[in-house]
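Colleague: For reference, the structure I am asking about is given below.
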Amino acid sequence: MTTTDSHNGRRLTARGAKTRAKIVAGAADLMFIQGVGGTTLDDVIAASGVSKSQLYHHFAGKDALVRAVIDHVGEFVIGRERDALGHVSTIAGLRRWRDALVQNNALRHGAYGCSLGALASEVSDNDDLARQTLSQLFGEWQGLLAGVLHRLQDSGALSPEAPIDQLATGLLGALQGGYMLAQTARDVTPMATSIDMALTHIESLSAH
Amino acid sequence: MRTHFAEVLAREGPCLVGVTDGAMLACWRRRIVDELMTPRSPYVLALQPTDDVSERVDFLDRWRELIAEMVDRLVQSGTTIDAPWPSAEATRVAVDVQKTAVLILAALHGGSTLSQLVQDPRPLNAALDLALAPFAATEDNCRARMGTE
């Protein structure tokens, strides 16, 4: 059985796909904790237990590996957010979404921030292809938040004149900034405050 | 303290002290959006991830304090706006100075990351619109004050 590598189009055997997935998962963990800049290919080889030749068989260099990590992390984060936001249609539901994100980050004392946001902070200047992929992923996340706000509007909980796309983008910005402040402070409080304040503003735009 | 941290605080101190109404806040916001959309600006460098966590914590704490002092002045002077459109009953809640300052700083941080990704200031402006919602601080307000429109 074979699969196809999404970046180079090369067909992979089941064993090859497993090795590639192992490298990407190991690299994603390291980059989440140490940052992209602080992670070398030698670190990835050591952490994932593969040989140098195996790594270079799948990835031409660090840029290619970083792009694969972005795909991997993006798939996880957007899948999680789709599950969490896909059926939310009340402010209370949005607050439960906020609680889950904050609680999840509190388990790590806020130390590592948003895995997708951390990649965005580090790679957008260096690799245009990576930047475009990240831009698309954040666009999907914004779309999920906009979907919730549209449902709030449809139910009459939000004014028909509320600028949905702009509010969804603003909420995503507050969330990402909250993650970044939490990461620096090693405390989730600023993240919780930032999302709460943004949701309070959205709630204040009630049509009733 | 790193040069770009010190430079941002040296600029932000007098700028934020000078903000006493919604129009001045709008001008501050316009200037800072320009800074955050300029590659290698000290503002961009100061918000990038670095290893010097303790300096970064001090920098962000000091900037948040300066923003909180500005928000407090605006609240004391009664600079808040009414409902954003006639049919909306925007609930006029008391502005929490410290929490508003956290949201403004988060909006600058997260909004600039999104804007740098799409190479467009709109996400940053959307984040700041939300954070500065209690005050009349739109870009248009700044242009009107400066007599450019």
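Colleague: Kindly give the semi-axes, whole Å and largest first, of the ellipsoid equivalent to chain A, taking each as the square root of 5 times a Cα gyration tensor eigenvalue. Don't skip to the answer; put the middle values down first.
Modeller: Details: eigenvalues 257, 71, 38 Å².
Here the semi-axes work out to 36, 19, 14 Å.
Colleague: Something else now. For an R0 of 45 angstrom, estimate the FRET efficiency from the Cβ-Cβ distance between residue A:92 and residue B:76 and round to the nearest 0.05.
Modeller: Working: r = 34 Å, r/R0 = 0.75.
For residue A:92 and residue B:76, the calculated efficiency is 0.85.
Colleague: Still on this structure: Rounded to the nearest percent, how much of the accessible area of segment A:62-208 (1.4 Å probe, protein heavy atoms only) is carbon and sulfur?
Modeller: Working: 2900 of 5760 Å².
Answer for segment A:62-208: carbon and sulfur cover 50 percent of the accessible area.
Colleague: Report the calculated FRET efficiency for residue A:18 and residue A:83 (r = Cβ-Cβ distance, R0 = 35 Å), to the nearest 0.05. Intermediate results must be reported in sequence, preceding the final value.
Modeller: Values: r = 26 Å, r/R0 = 0.73.
Taking R0 as 35 Å, the efficiency between residue A:18 and residue A:83 is 0.85.
Colleague: Place a +1 charge on the Cβ of each Lys and Arg in segment A:76-128 and a -1 charge on the Cβ of each Asp and Glu, then give the dipole magnitude about the Cα centre in debye, rounded to the nearest 20. Write down the numbers at each step before the final one.
Modeller: On the way: 6 positive and 7 negative charges, 105 e Å.
Using Cβ point charges on Lys, Arg, Asp and Glu, segment A:76-128 gives about 500 debye.
Colleague: Across every pair of different alpha-carbon atoms, what Kirkwood hydrodynamic radius in Å does the protein assembly as shown reach?
Modeller: Numbers: mean 1/r = 0.0469 Å⁻¹.
Here the Kirkwood hydrodynamic radius works out to 21.3 Å.
Colleague: Simple spin-label model, 7 Å along Cα-to-Cβ: residue B:48 to residue A:103 in nm?
Modeller: A separation of 3.8 nm, rounded to one decimal place.
Colleague: What is the set of long-range amide H partners of residue A:12 at a cut-off below 5 Å, with H atoms built 1.01 Å from backbone N?
Modeller: A:3, A:4, A:5
Colleague: Once the Cβ-Cβ distance between residue B:20 and residue A:63 is put in as r, and R0 is 45 Å, what FRET efficiency do you end up with, to the nearest 0.05? Walk me through the numbers on the way to the answer.
Modeller: On the way: r = 48 Å, r/R0 = 1.08.
It comes to 0.40.
Colleague: I want to verify the translational diffusion coefficient of segment B:1-73 in µm²/s; compute it with Stokes-Einstein, Rh as the Kirkwood radius over Cα pairs, at 25 °C and 0.890 mPa s. Don't skip to the end; give the middle numbers.
Modeller: Working: Rh = 12.7 Å.
D, rounded to a whole number, is 192 µm²/s.
Colleague: Note the count of lysine pairs whose C-alpha atoms are less than 25 angstrom apart in the protein assembly as shown, limited to pairs 8 or more residues apart or on different chains. It would help to have the intermediate numbers written out before the result.
Modeller: Working: A:18/A:52; A:18/A:62; A:22/A:52; A:22/A:62; A:52/A:62.
Taking the protein assembly as shown as the scope, the lysine pair count is 5.
Colleague: Dipole magnitude of the protein assembly as shown about its Cα centre, charges +1 at Lys/Arg Cβ and -1 at Asp/Glu Cβ only, in debye to the nearest 20?
Modeller: On the way: 33 positive and 42 negative charges, 206 e Å.
It works out to roughly 980 debye.
The values are calculated or read from the model by the stated rules, or taken from the named source; none is laboratory data. Note that the structure is a prediction, hence the values are computed from the model and not measured. Quick reminder, even Gly has a Cβ in these numbers, built from the backbone with ideal geometry, and neighbours come from all protein chains shown. All accessible areas refer to the heavy atoms of the entire protein, side chains included, with ligands and DNA or RNA removed. Shrake-Rupley method; radii C 1.70, N 1.55, O 1.52, S 1.80 Å.
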